[in-house]
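This report concerns only the one structure given below.
The values are calculated or read from the model by the stated rules, or taken from the named source; none is laboratory data. Note that the coordinates shown come from a computational prediction; the quantities given were computed from them, not determined experimentally. With ideal geometry, Cβ positions are generated from the backbone for all residues, glycine too; neighbour counts draw on all protein chains shown. Accessible surface areas use protein heavy atoms only, side chains included; no ligands, DNA or RNA. Shrake-Rupley method; radii C 1.70, N 1.55, O 1.52, S 1.80 Å.
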Amino acid sequence: MTETVLPENTAEQNAPRSPWAGLALTGAIAMAAFGLRYLPGFNLLSPLILAILIGMAVHNLIGTPAAAKPGVTFSLKKILRAGIILLGLQLTFAQVAAVGWVGVGVIVATLVATFFFTKWLGRQLGLDAKLTELIAAGTSICGASAVIATNTVTRGSDEDVAYAVACVTVFGSLSMVLIPVAETFLQLGPHAYGLWTGASIHEVAQVVAAAFQQGEEAGHFGTIAKLTRVMMLAPMVLILGYFAAKQVDGKQAGGAPIPWFVLGFVGMVGIASTGWVPQVVEPWTTGLTQFLLAMALAAMGLETDIRKLAAEGVRPALLGAASWVFIVLLSLLLVLLTQGG
């Protein structure tokens, strides 16, 4: 009688593919990230940054459980897109109008120039194009949120995402500390200072921390300017998605999908602009948005190998530093030229 020999990977093939274990893990990490913000010193970092750091620690010290893989993948794709769509509820077209055409011009000019400068310098340094694009997006648009949104079309590795997030965290934090110090010498005034912070600092939380150091007026204007910059995320990702779809593997053919979920982001901006969303629910929608994005970054951390991250070397950090200096100085120059400073 012939004995039937089962393939060695039968057990793996028959393993449950339910996402719940992974969703529970990424959700727990996101909750831990929010909880850590109440501890001294940790409140300087956003939950998004803390989530990817915790995820990386779990993966590299303990290992990501095999049963969690489906849920981690689900968080990287579905949860991420849901978070980006809901991000639109934090913005309104009226906020853009409040910044004014000149202010919007400063923000757009700074964003576009920084993005292309970073792409150019990355080529000069011989860096991988995907990593360069993620650093460019994170620096020029809105930090970690822009990195993970851009990666839906750039399709860099998790190590690329982690490195780009690290760059925007470190240099955005430096801006948060140094720009208020510079204002004591520059004396720009509330609107000009708020515009400078909103046009140059990477993360929304970092802008809030820096802008409000010069008073309520500067704080509110800086926050609005930053949210206007966040709104540029939609057209930028759509444009990048279009070119990614046109040039897959160097061929003029479709392949990388254009991220139509970004249209959901724009739709949410439209809904928020109507005033239909009651103010009482805004803290809840904002919290849910941040939690979903934290889950997505936790998932990225759970797939990030620190050894591969270290193998990138110092050149990406140099690119992040140069891009940071560029956006700070260019935005300051444009503010001085347009705000009568």
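Quick look at the values:
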| read-out | value |
| --- | --- |
| Contour excess over end-to-end distance, with Cα ends at LYS78 and ALA113 and 0.36 nm allotted per residue | 9.4 nm |
| Total lysine pairs whose alpha carbons fall under 19 Å of each other in the chain (8 or more apart, or interchain) | 8 |
| Residue-averaged [θ]222 nm for the chain, counting only DSSP H segments that reach four residues, each worth -39500 (n - 2.57) | -23000 deg cm²/dmol |
| Centre separation in Å (Cα based) which lies between region 57-101 and region 290-341 | 17 |
| Globularity ratio of the chain, using Cα Rg and 2.2 N^0.38 Å | 1.03 |
| Summed side-chain charge close to ALA322 - residues other than ALA322 whose Cβ falls under 14 Å, Lys, Arg +1, Asp, Glu -1 | +3 |
| Positive minus negative residues near PHE74 (Lys, Arg vs Asp, Glu; Cβ under 13 Å) | +4 |
| Mean accessible surface per residue for the chain, computed with a 1.4 Å probe while every protein chain stays in place, in Å² | 47 |
